[in-house]
Amino acid sequence: MKGIRNIFSMIIIFTMFLSCETASDIIFEGPYHARFTETESEVLENYKDPFNLNFNAPISIELHLAAPSQNNTTIVDYEVSGSAIENVDYILEDGDKKRVLIPVGEHLGRIRYFPLNNRELTGDKTLKFTITGVNNDLDAGFGATGINGRFHTVTIKDDDCLVDLRKFEGVWEFNQNDGEFIYDVTIEVDWESNNRIYMVGYTGLDSLLYAFANLDLCNGEFEIPEQALAGANQLGGTRTEGKGTFDSDVAIMTFSYSYDYAGPSIRTVQAQKKTE
(Lines give C-alpha, C1' and ligand atoms only; values in the text may rest on other atoms or scores of the structure.)
Protein backbone atom coordinates (compact mmCIF):
# COMPACT_ATOMS: atom_id res chain seq x y z
CA MET A 1 0.00 0.00 0.00
CA LYS A 2 2.86 2.34 0.82
CA GLY A 3 4.32 1.89 -2.67
CA ILE A 4 0.97 2.63 -4.29
CA ARG A 5 0.61 5.80 -2.24
CA ASN A 6 4.06 6.96 -3.30
CA ILE A 7 3.25 6.39 -6.98
CA PHE A 8 -0.04 8.24 -6.58
CA SER A 9 1.75 11.19 -4.94
CA MET A 10 4.29 11.34 -7.78
CA ILE A 11 1.50 11.43 -10.34
CA ILE A 12 -0.16 14.39 -8.54
CA ILE A 13 3.13 16.33 -8.34
CA PHE A 14 3.89 15.66 -12.01
CA THR A 15 0.40 16.80 -13.02
CA MET A 16 0.78 20.02 -11.00
CA PHE A 17 4.15 20.65 -12.62
CA LEU A 18 2.66 20.30 -16.09
CA SER A 19 -0.22 22.62 -15.16
CA CYS A 20 2.13 25.33 -13.91
CA GLU A 21 4.33 25.01 -16.97
CA THR A 22 1.32 25.28 -19.28
CA ALA A 23 0.01 28.36 -17.45
CA SER A 24 3.38 30.15 -17.62
CA ASP A 25 3.60 29.48 -21.35
CA ILE A 26 0.31 31.23 -22.11
CA ILE A 27 1.24 34.50 -23.83
CA PHE A 28 -1.11 37.08 -25.39
CA GLU A 29 -0.39 36.93 -29.10
CA GLY A 30 -2.58 39.75 -30.33
CA PRO A 31 -3.89 41.52 -32.08
CA TYR A 32 -1.94 44.14 -30.14
CA HIS A 33 -3.98 47.16 -29.16
CA ALA A 34 -4.50 50.16 -26.87
CA ARG A 35 -7.49 50.10 -24.53
CA PHE A 36 -9.07 51.67 -21.48
CA THR A 37 -8.20 49.75 -18.34
CA GLU A 38 -11.76 50.23 -16.98
CA THR A 39 -14.96 50.70 -18.96
CA GLU A 40 -16.81 53.08 -16.60
CA SER A 41 -16.50 55.33 -13.56
CA GLU A 42 -18.43 58.02 -11.72
CA VAL A 43 -17.62 61.24 -9.88
CA LEU A 44 -19.52 63.85 -7.90
CA GLU A 45 -19.79 67.16 -9.73
CA ASN A 46 -18.32 69.07 -6.76
CA TYR A 47 -15.21 66.85 -6.63
CA LYS A 48 -13.21 69.96 -7.41
CA ASP A 49 -13.89 73.55 -8.24
CA PRO A 50 -10.77 74.44 -10.27
CA PHE A 51 -11.19 78.13 -9.42
CA ASN A 52 -11.20 77.74 -5.64
CA LEU A 53 -9.05 76.18 -2.90
CA ASN A 54 -9.75 72.48 -3.36
CA PHE A 55 -6.44 70.64 -3.70
CA ASN A 56 -7.87 67.46 -5.24
CA ALA A 57 -5.73 66.23 -8.12
CA PRO A 58 -7.30 65.83 -11.58
CA ILE A 59 -9.20 62.61 -12.13
CA SER A 60 -7.25 60.13 -14.26
CA ILE A 61 -8.71 57.64 -16.70
CA GLU A 62 -6.11 55.00 -17.47
CA LEU A 63 -5.30 53.52 -20.86
CA HIS A 64 -2.81 50.72 -21.39
CA LEU A 65 -1.10 48.88 -24.21
CA ALA A 66 -1.88 45.20 -24.62
CA ALA A 67 1.30 44.85 -26.63
CA PRO A 68 5.07 44.49 -26.28
CA SER A 69 7.14 47.59 -25.50
CA GLN A 70 7.13 49.94 -28.48
CA ASN A 71 10.20 51.52 -30.06
CA ASN A 72 8.38 54.78 -30.77
CA THR A 73 6.05 56.95 -28.70
CA THR A 74 2.53 55.56 -28.90
CA ILE A 75 -0.07 58.19 -29.81
CA VAL A 76 -3.65 57.37 -28.79
CA ASP A 77 -6.24 59.71 -30.27
CA TYR A 78 -9.70 59.91 -28.74
CA GLU A 79 -12.99 61.78 -29.00
CA VAL A 80 -15.49 62.82 -26.34
CA SER A 81 -19.27 62.59 -26.50
CA GLY A 82 -22.18 62.28 -24.08
CA SER A 83 -24.59 64.69 -22.43
CA ALA A 84 -21.85 66.53 -20.49
CA ILE A 85 -20.56 69.67 -22.20
CA GLU A 86 -16.89 70.58 -22.15
CA ASN A 87 -16.06 73.76 -20.18
CA VAL A 88 -19.63 73.72 -18.81
CA ASP A 89 -19.82 70.37 -17.02
CA TYR A 90 -16.12 69.47 -17.06
CA ILE A 91 -12.65 70.71 -17.95
CA LEU A 92 -10.39 68.40 -19.91
CA GLU A 93 -6.64 68.72 -19.33
CA ASP A 94 -5.02 69.27 -22.76
CA GLY A 95 -8.53 69.22 -24.18
CA ASP A 96 -7.39 70.93 -27.37
CA LYS A 97 -5.22 67.92 -28.27
CA LYS A 98 -7.56 64.98 -27.56
CA ARG A 99 -4.65 62.55 -27.52
CA VAL A 100 -2.54 60.60 -25.04
CA LEU A 101 1.20 60.01 -25.46
CA ILE A 102 2.67 56.80 -24.06
CA PRO A 103 6.50 57.06 -23.99
CA VAL A 104 8.87 54.45 -25.40
CA GLY A 105 9.13 51.43 -23.12
CA GLU A 106 6.03 52.30 -21.11
CA HIS A 107 2.54 50.81 -21.23
CA LEU A 108 0.30 53.30 -19.42
CA GLY A 109 -1.21 56.65 -20.34
CA ARG A 110 -3.92 58.82 -18.79
CA ILE A 111 -6.67 61.25 -19.69
CA ARG A 112 -7.16 63.85 -16.94
CA TYR A 113 -10.23 65.98 -16.27
CA PHE A 114 -12.17 67.93 -13.63
CA PRO A 115 -15.95 68.01 -13.27
CA LEU A 116 -17.39 71.51 -12.89
CA ASN A 117 -19.78 72.30 -10.07
CA ASN A 118 -23.04 74.19 -10.54
CA ARG A 119 -26.00 75.27 -8.41
CA GLU A 120 -28.78 73.68 -10.45
CA LEU A 121 -30.57 70.36 -10.27
CA THR A 122 -29.82 69.29 -13.83
CA GLY A 123 -29.49 65.54 -13.28
CA ASP A 124 -26.53 63.24 -13.88
CA LYS A 125 -24.40 63.83 -16.97
CA THR A 126 -22.43 61.32 -19.03
CA LEU A 127 -18.99 61.75 -20.52
CA LYS A 128 -18.01 59.09 -23.05
CA PHE A 129 -14.42 58.68 -24.22
CA THR A 130 -13.76 56.71 -27.42
CA ILE A 131 -10.35 55.72 -28.78
CA THR A 132 -10.39 56.71 -32.45
CA GLY A 133 -6.89 55.76 -33.54
CA VAL A 134 -3.50 54.44 -32.45
CA ASN A 135 -0.16 54.59 -34.24
CA ASN A 136 2.60 51.93 -34.23
CA ASP A 137 0.23 49.55 -36.07
CA LEU A 138 -1.81 49.01 -32.90
CA ASP A 139 -5.57 48.54 -32.91
CA ALA A 140 -8.07 50.75 -31.07
CA GLY A 141 -9.68 48.33 -28.65
CA PHE A 142 -9.89 44.58 -29.03
CA GLY A 143 -12.09 42.39 -31.20
CA ALA A 144 -13.48 42.54 -34.70
CA THR A 145 -15.22 45.88 -34.06
CA GLY A 146 -12.81 47.13 -31.39
CA ILE A 147 -15.65 47.23 -28.89
CA ASN A 148 -13.69 45.72 -26.02
CA GLY A 149 -11.74 48.37 -24.14
CA ARG A 150 -12.30 51.09 -26.72
CA PHE A 151 -14.78 53.06 -24.62
CA HIS A 152 -14.90 54.57 -21.14
CA THR A 153 -18.06 56.23 -19.80
CA VAL A 154 -18.01 58.63 -16.85
CA THR A 155 -21.18 59.51 -14.95
CA ILE A 156 -20.97 62.97 -13.38
CA LYS A 157 -23.36 62.74 -10.45
CA ASP A 158 -25.60 65.71 -9.66
CA ASP A 159 -25.43 66.90 -6.04
CA ASP A 160 -27.99 69.71 -6.01
CA CYS A 161 -31.11 68.10 -4.55
CA LEU A 162 -33.45 70.39 -2.66
CA VAL A 163 -32.13 70.61 0.89
CA ASP A 164 -32.63 73.67 3.08
CA LEU A 165 -29.02 74.77 3.59
CA ARG A 166 -30.06 76.98 6.48
CA LYS A 167 -30.36 73.78 8.53
CA PHE A 168 -26.57 73.49 8.52
CA GLU A 169 -26.02 76.93 9.99
CA GLY A 170 -25.43 77.27 13.72
CA VAL A 171 -23.43 75.76 16.55
CA TRP A 172 -22.75 72.02 16.57
CA GLU A 173 -21.38 69.86 19.35
CA PHE A 174 -18.55 67.67 18.06
CA ASN A 175 -17.94 64.48 20.05
CA GLN A 176 -14.55 63.17 18.99
CA ASN A 177 -13.46 59.54 19.50
CA ASP A 178 -16.42 58.54 21.69
CA GLY A 179 -16.09 61.28 24.26
CA GLU A 180 -12.33 61.72 24.27
CA PHE A 181 -12.77 65.37 23.24
CA ILE A 182 -16.03 67.36 23.07
CA TYR A 183 -16.13 70.88 21.67
CA ASP A 184 -18.33 73.36 19.80
CA VAL A 185 -18.01 74.14 16.09
CA THR A 186 -19.80 76.89 14.18
CA ILE A 187 -21.00 75.94 10.70
CA GLU A 188 -21.52 78.60 8.05
CA VAL A 189 -22.91 78.10 4.53
CA ASP A 190 -21.13 79.26 1.40
CA TRP A 191 -24.16 80.60 -0.44
CA GLU A 192 -22.18 81.23 -3.61
CA SER A 193 -21.50 77.52 -4.18
CA ASN A 194 -24.85 76.05 -3.02
CA ASN A 195 -23.14 72.94 -1.60
CA ARG A 196 -20.23 74.07 0.51
CA ILE A 197 -20.06 74.69 4.25
CA TYR A 198 -17.35 76.09 6.48
CA MET A 199 -16.69 74.39 9.83
CA VAL A 200 -15.12 77.01 12.08
CA GLY A 201 -13.07 75.48 14.90
CA TYR A 202 -13.54 71.98 13.55
CA THR A 203 -10.39 70.47 15.12
CA GLY A 204 -11.22 71.86 18.56
CA LEU A 205 -7.71 73.32 18.86
CA ASP A 206 -8.58 76.90 18.05
CA SER A 207 -11.95 78.58 17.53
CA LEU A 208 -10.57 80.40 14.47
CA LEU A 209 -9.35 77.35 12.56
CA TYR A 210 -11.70 76.26 9.82
CA ALA A 211 -12.03 73.92 6.86
CA PHE A 212 -14.64 73.66 4.14
CA ALA A 213 -16.64 70.60 3.15
CA ASN A 214 -18.38 69.84 -0.14
CA LEU A 215 -21.92 68.51 0.22
CA ASP A 216 -23.65 65.80 -1.78
CA LEU A 217 -27.19 66.97 -1.10
CA CYS A 218 -28.73 64.11 -3.05
CA ASN A 219 -27.10 61.33 -1.01
CA GLY A 220 -26.70 62.97 2.38
CA GLU A 221 -22.89 62.83 2.20
CA PHE A 222 -20.03 65.28 2.41
CA GLU A 223 -16.26 65.37 2.05
CA ILE A 224 -13.51 67.64 3.33
CA PRO A 225 -11.26 67.60 0.26
CA GLU A 226 -7.49 67.90 0.62
CA GLN A 227 -6.83 71.52 1.67
CA ALA A 228 -4.72 73.76 3.87
CA LEU A 229 -6.19 74.11 7.35
CA ALA A 230 -7.17 77.77 7.19
CA GLY A 231 -6.08 80.09 10.00
CA ALA A 232 -2.93 78.14 10.96
CA ASN A 233 -0.47 77.20 8.24
CA GLN A 234 1.74 75.34 10.69
CA LEU A 235 -0.94 72.63 11.00
CA GLY A 236 -0.56 71.71 7.32
CA GLY A 237 -3.27 69.98 5.33
CA THR A 238 -6.47 68.26 6.35
CA ARG A 239 -9.01 65.93 4.77
CA THR A 240 -11.82 63.49 5.55
CA GLU A 241 -11.16 59.75 5.47
CA GLY A 242 -13.86 58.47 3.14
CA LYS A 243 -17.31 60.08 3.09
CA GLY A 244 -19.04 61.86 5.94
CA THR A 245 -22.82 61.65 6.30
CA PHE A 246 -25.67 63.83 7.55
CA ASP A 247 -29.25 62.87 8.28
CA SER A 248 -32.32 64.14 6.41
CA ASP A 249 -33.12 66.67 9.17
CA VAL A 250 -29.53 67.99 9.09
CA ALA A 251 -29.29 67.51 12.85
CA ILE A 252 -26.60 64.81 13.01
CA MET A 253 -23.32 64.41 11.13
CA THR A 254 -20.72 61.64 11.26
CA PHE A 255 -17.25 61.70 9.70
CA SER A 256 -13.59 60.81 10.18
CA TYR A 257 -10.73 63.17 9.45
CA SER A 258 -7.01 63.70 9.84
CA TYR A 259 -4.65 66.67 9.73
CA ASP A 260 -0.91 66.79 9.25
CA TYR A 261 0.06 68.35 12.59
CA ALA A 262 -1.45 65.39 14.47
CA GLY A 263 0.31 62.77 12.36
CA PRO A 264 -1.38 59.77 10.71
CA SER A 265 -4.00 59.18 13.41
CA ILE A 266 -7.67 59.28 12.37
CA ARG A 267 -10.28 61.13 14.42
CA THR A 268 -13.95 60.08 14.29
CA VAL A 269 -16.60 62.70 15.01
CA GLN A 270 -20.25 62.36 15.96
CA ALA A 271 -21.74 65.83 15.59
CA GLN A 272 -25.14 67.06 16.75
CA LYS A 273 -26.63 70.47 16.12
CA LYS A 274 -27.39 72.47 19.24
CA THR A 275 -30.87 73.90 19.65
CA GLU A 276 -31.09 77.63 20.04
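The values are calculated or read from the model by the stated rules, or taken from the named source; none is laboratory data. All of these numbers come straight from a predicted model, not from anything done at the bench. Glycine gets a Cβ as well: all are built from the backbone with ideal geometry, and neighbour counts include every protein chain shown. Side chains are part of the model used for accessible areas, which takes the heavy atoms of the whole protein and leaves out ligands, DNA and RNA. Shrake-Rupley method; radii C 1.70, N 1.55, O 1.52, S 1.80 Å.
Some notes on this structure:
Every residue, every condition in (1) basic (K, R); (2) surrounded by fewer than 17 Cβ atoms within 10 Å (Cβ to Cβ), yes or no:
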{"position": "E180", "(1), (2)": "no, yes"}
{"position": "R196", "(1), (2)": "yes, no"}
{"position": "G204", "(1), (2)": "no, yes"}
{"position": "F212", "(1), (2)": "no, no"}
{"position": "K243", "(1), (2)": "yes, yes"}
{"position": "V250", "(1), (2)": "no, no"}
{"position": "A262", "(1), (2)": "no, yes"}
{"position": "R267", "(1), (2)": "yes, no"}
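- Search result, residues across the range 149-172 that are on the phi < 0 side of the Ramachandran plot, touching a Lys or Arg at 6+ places or on another chain (Cβ under 7 Å) and of a type outside the set (A, V, I, L, M, F, W, C): R150, T153, D160
- Residues of the range 196-237 classified as modelled with pLDDT under 90 and closer than 22 Å to F181 by Cβ, total: 18
- One residue from E120, E106 being assigned to a loop (DSSP other than H, G, I, E, B) and farther than 29 Å from N214 by Cα: E106
- Matching residues in the range 151-164 - criterion: being modelled with pLDDT under 90 and either over 20 Å from D190 (Cβ atoms) or open to solvent by 10 Å² or more (accessible area, probe 1.4 Å) (or both): C161, L162, V163, D164
- Annotation note: of E79, E93, E86, the sole residue that is free of Cβ contacts under 8 Å to residues at least 60 places away in the same chain, open to solvent by 50 Å² or more (accessible area, probe 1.4 Å) and over 30 Å from K243 (Cα atoms) is E79.
- Of the residues making up the range 71-88, those that are part of a loop (DSSP other than H, G, I, E, B) and over 12 Å from L108 (Cα atoms) are N71, N72, G82, S83, A84, I85, N87, V88.
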